Structure formats: structure tokens, C-alpha cells
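Colleague: Pasting in a structure now, in C-alpha cells, and then I'll have a few things to ask.
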Amino acid sequence: MARPQRSELSRQNEPRNASPNVSRRAMLKTTMAVIAGSFAQSALSATASTADPRIRGPFLILTTPFTASGAVDFDVLTDEARFVDRCGCAGMVWPQSGDSVDLLSAEEKMHGMEVLAQVARNLRTALCLGVQGRNTDEMLAFAQHAEKLAPAAMISRPPDSGKTENDLREYWRALASVVKRPVILQTTGGVLYQGPVPSVALLVELAQQYPHFGYVKEEARPVIARIRSLVAARPPIRRVFSARGGLGWLYEMRLGTEGLITERAVVADLLTRIWEWQQTGSDPAALRDAYARFLLMTNLGDHLPGGGLRGFQLYLWKKRGVFKTMVSRQYGPNQTIPAKPIYSELRLNTQEIAEIEYRFEAVKPYLNQP
């Protein structure tokens with residue numbers, strides 16, 4: 001068979017003064033570099049592939065709904081899960097915010113896990129259950145219960161009793177021994193936590209030891225420096241999630257975070273669109289605009305009663321047809337946990353409601369639910 005003729009362009013691009021030996025050496029060097037690069041990329045891809053593909057994107061913490069008498073409204077909790085699923089959101093998390101971790105009884109948390117596991121069987125949105133406790137024994141009781149329910153993942157923050165980094169190490173090692181699914185480690189504790197922030201080195205160590213670890217919700221300061229360090233440690237770090245209410249999410253995604261964990265499920269459709277546009281790069285202008293409008297609305301938490309995680313969001317939950325009340329449980333004096341639930345209904349005046357409506361109107365073009 002005749003050898004194919006080289007094109008004029010290929011002949012023009014040949015180095016004119018190169019000897020055959022030099023050309024062969026260059027070709028061999030290039031070939032070896034390509035092989036080495038391909039091998040390294042394959043090794044990286046193989047290790048990265050150990051990350052569960054479902055544990056990626058917005059994993060939004062469900063806001064705990066309460067009845068007028070201050071009881072957990074489990075029917076509304078399941079409606080909330082269905083709402084998040086209709087929004088196309090990747091994942092949902094519960095219980096995880098301070099009020100649902102600290103101010104609910106063990107029985108309420110376990111029952112909530114059960115009803116969410118039941119409804120999640122018929123949803124696309126992945127369920128992540130929160131398993132943390134004041135100490136290791138309490139955490140293990142929740143973890144063992146959650147494991148029986150087979151959620152897609154679990155999440156755990158440091159124990160209130162943790163005093164040293166080794167306390168955190170042993171606490172999470174105990175968790176690793178009783179679960180078989182991805183575990184997201186949150187780098188900050190609750191309002192009662194006075195212990196250390198887990199170092200990046202500890203998070204990497206645990207990821208190396210346990211194939212179902214290596215997922216991190218990063219919200220400890222200095223956040224940007226820690227995110228960069230964790231992203232640089234992939235693998236064995238498998239996923240890094242943004243947090244902090246989504247206030248730095250757009251920048252943090254460009255640094256390499258692969259999702260968001262925060263109590264913003266009331267705008268799950270908006271956050272899902274932001275995520276999809278960032279991933280595809282298909283509409284940078286829409287991405288910037290949608291994120292700016294999200295920040296405009298989120299800023300309400302600094303100005304209206306109830307704070308940023310419940311507050312105005314309770315009004316929006318009712319407006320969007322999911323919640324029946326704006327009731328919340330409260331901490332006691334000096335952020336203590338009361339012996340009996342303390343609860344109250346959020347009261348908003350006409351000016352405050354008008355401001356919520358004004359800002360919500362800005363995000364409506366990016367919503368796909370009423």
C-alpha cells in the first residue's frame with residue numbers, strides 16, 4: 001500500500017535543520033510526555049471517580065416547619081421535600097441548622113428522618129441526613145438510625161463536647177465505623193461549640209483513611225484560604241461545598257467548590273439555575289444577574305426580624321404555598337437550650353412585608369415554581 005502523501009502544510013511545519021536523530025528524540029520525548037500525562041490524568045480520574053456523583057450541586061437544608069402549638073409539622077416537612085424536588089435541586093439536608101439540631105428532641109429528629117427517607121424514595125433529589133451530637137454516643141445513636149434508612153449521604157459537624165482536634169478525629173472515626181455512605185464533614189460547630197476548627201490536614205487524613213469521607217462543607221475562617229487548600233488536595237478530598245448562606249458562592253465555585261449547603265431551600269429553583277449556568281457557562285449574563293438578585297433578597301436577613309435563616313424566609317415559605325405558619329422555636333437566655341420548647345410566631349409589619357415582596361419580585365423571573 002502506498003504511503004499517504006504528507007500535506008504541504010505539514011511539510012512547511014517541519015523543522016528545516018533538524019537531523020533525523022534529533023527528530024526521533026523529539027518525537028520520543030513528546031510521545032512519553034503524552035503517555036505520562038494520560039496516565040496521570042487517568043489516575044486522577046480514577047481516584048476522583050470514587051466521589052459519589054449524586055453528592056454534588058446545591059444540597060439545601062430544609063427549614064423545620066412548626067405548627068401553631070410549636071410542634072414539628074412533619075406533613076409540611078414532607079411537602080417541603082417535594083417542593084425542593086420539583087425545583088430540580090440536587091440534594092436536601094435535614095436536620096442540620098442550629099434550631100433543628102439543638103431545639104428538637106431526639107425522638108423528633110429520628111421521626112423526621114424516617115418521614116423524609118420515606119418520601120425521598122419517590123424523589124430525584126438526594127437525601128442527606130444530619131448526624132451529630134453533643135458527644136460521640138449521641139452522634140452514634142443518630143448515625144445508626146440514619147444508616148438503617150439508607151439516605152444518599154450524611155453530614156456531621158463537630159461535637160459540642162470536642163475540646164481538641166484529636167477529639168474531632170476520634171468522633172469522626174467512630175462515625176466512619178458505623179456508616180457505609182458518603183459523609184460530609186462540616187467544619188464549624190453549633191452555638192454551644194467552643195472547640196477547634198478541624199484542620200485541612202485532619203480532613204485530608206480522614207479522607208485518606210475512609211473512602212466514604214472526603215466531602216467537606218467549608219465555612220470556617222479563613223474560608224477562601226481553606227477552600228483553596230482543600231481543592232488542591234483533591235484527591236483524596238472528593239467534594240468541597242460552599243456554605244455561609246451562599247454569600248460567597250459564585251466566587252467559591254470559580255475556586256473549585258462543587259455545591260452549596262445552606263438553609264435556602266425556599267429558593268431551591270433559583271439556586272439550581274445558578275448552579276447549572278455556572279457549570280455550563282452557557283449564559284454568563286444571566287448567571288451574574290440571577291446571583292445578584294439572590295444576594296439582594298438574602299440581604300433582607302440583616303434588616304428584618306427573625307434573622308437570615310428563618311425570618312423573611314418563613315414568609316416566603318407561606319407565600320410559595322408550602323408552610324402554614326411562621327412559628328419558630330427559640331433558644332433560652334444566653335443561647336441555652338430550654339427544658340421545654342420556647343416558640344413564637346414571626347410578626348411582620350406592612351413595611352417589612354412590602355420590602356420582602358419588592359425583593360422577591362426581583363427573583364421571580366428565575367423561579368419555576370409559584
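The values are calculated or read from the model by the stated rules, or taken from the named source; none is laboratory data. Since the structure is predicted, the reported quantities are computational estimates derived from the model, not experimental observations. Cβ: placed from backbone, ideal geometry, glycine included. Neighbour counts: every protein chain shown.
Colleague: (1) part of a loop (DSSP other than H, G, I, E, B); (2) at positive phi; (3) in contact with a helix residue (DSSP H, G or I) (Cβ under 7 Å, 6 or more places away or on another chain): which one isn't true of Gly311, the others all being true?
Modeller: The number of the failed condition is (1).
Colleague: Working only within the stretch 234-249, note down all residues that are buried (at least 19 other Cβ atoms within 10 Å of the Cβ) and of a type in the set (A, V, I, L, M, F, W, C).
Modeller: Selection gives Ile237, Val240, Phe241, Ala243, Trp249.
Colleague: Out of (1) closer than 24 Å to Thr63 by Cβ; (2) free of Cβ contacts under 8 Å to residues at least 12 places away in the same chain; (3) over 16 Å from the mean Cα position of the chain (by Cα), what's the single condition that is false for Ser282?
Modeller: Here Ser282 meets the rest and fails (1).
Colleague: Just for the stretch 199-225: of the residues that are in contact with a Ser or Thr (Cβ under 8 Å, 6 or more places away or on another chain) and hydrophobic (A, V, I, L, M, F, W, C), which one is surrounded by the most Cβ atoms within 10 Å (Cβ to Cβ)?
Modeller: Per the stated criteria, the residue is Val216.
Colleague: A further question on this structure: In this structure, does Gly70 turn out to be under 22 Å from the mean Cα position of the chain (by Cα), touching a residue at least 40 places away in the same chain (Cβ under 8 Å) and farther than 17 Å from Ile184 by Cα?
Modeller: no
Colleague: Name the one entry in Arg273, Arg254, Arg288, Arg244 that is of a type in the set (Lys, Arg), over 19 Å from the mean Cα position of the chain (by Cα) and more than 20 Å from Val72 (Cα to Cα).
Modeller: Every option except Arg288 fails the conditions.
Colleague: Check Val191 against each of (1) under 19 Å from the mean Cα position of the chain (by Cα); (2) closer than 30 Å to Ile337 by Cβ; (3) in contact (Cβ under 8 Å) with a residue 40 or more places away in the chain and name the one condition it does not meet.
Modeller: Evaluating Val191 over (1) under 19 Å from the mean Cα position of the chain (by Cα); (2) closer than 30 Å to Ile337 by Cβ; (3) in contact (Cβ under 8 Å) with a residue 40 or more places away in the chain leaves (1) as the failure.
Colleague: If Cys128 satisfies every condition in (1) surrounded by 22 or more Cβ atoms within 10 Å (Cβ to Cβ); (2) without any contact (Cβ under 8 Å) to a residue 12 or more places away in the chain but one, which is the exception?
Modeller: (2)
Colleague: When only residues in the stretch 91-125 that are basic (Lys, Arg) and touching a residue at least 24 places away in the same chain (Cβ under 8 Å) count, which is surrounded by the most Cβ atoms within 10 Å (Cβ to Cβ)?
Modeller: Per the stated criteria, the residue is Lys109.
Colleague: Which ones in the stretch 301-355 are of a type outside the set (Lys, Arg), buried (at least 18 other Cβ atoms within 10 Å of the Cβ) and either within 19 Å of Asp269 (Cα to Cα) or without any contact (Cβ under 8 Å) to a residue 12 or more places away in the chain (or both)?
Modeller: Gly308, Leu309, Phe312, Gln313, Leu314, Tyr315, Leu316, Trp317, Val322, Phe323
Colleague: When you scan the stretch 170-184, do you find a residue that is surrounded by fewer than 17 Cβ atoms within 10 Å (Cβ to Cβ), under 30 Å from Pro338 (Cβ atoms) and among the basic types (Lys, Arg), even just one?
Modeller: no
Colleague: So, one more: Looking at the stretch 343-352, can you tell me whether even one residue there is part of a helix (DSSP H, G or I), at negative phi and in contact with a helix residue (DSSP H, G or I) (Cβ under 6 Å, 6 or more places away or on another chain)?
Modeller: No, the stretch 343-352 contains no residue that is part of a helix (DSSP H, G or I), at negative phi and in contact with a helix residue (DSSP H, G or I) (Cβ under 6 Å, 6 or more places away or on another chain).
Colleague: Related question: Would you mind telling me which numbered condition in (1) assigned to a loop (DSSP other than H, G, I, E, B); (2) in contact with a helix residue (DSSP H, G or I) (Cβ under 7 Å, 6 or more places away or on another chain); (3) within 18 Å of Leu62 (Cα to Cα) Gly321 fails?
Modeller: (2)
Colleague: Right, another one. What single numbered condition from (1) assigned to a loop (DSSP other than H, G, I, E, B); (2) modelled with pLDDT under 95 fails to hold for Ala46?
Modeller: Exception for Ala46: condition (1).
Colleague: Within the stretch 133-157, how many residues are farther than 16 Å from Arg181 by Cβ and surrounded by 23 or more Cβ atoms within 10 Å (Cβ to Cβ)?
Modeller: 1
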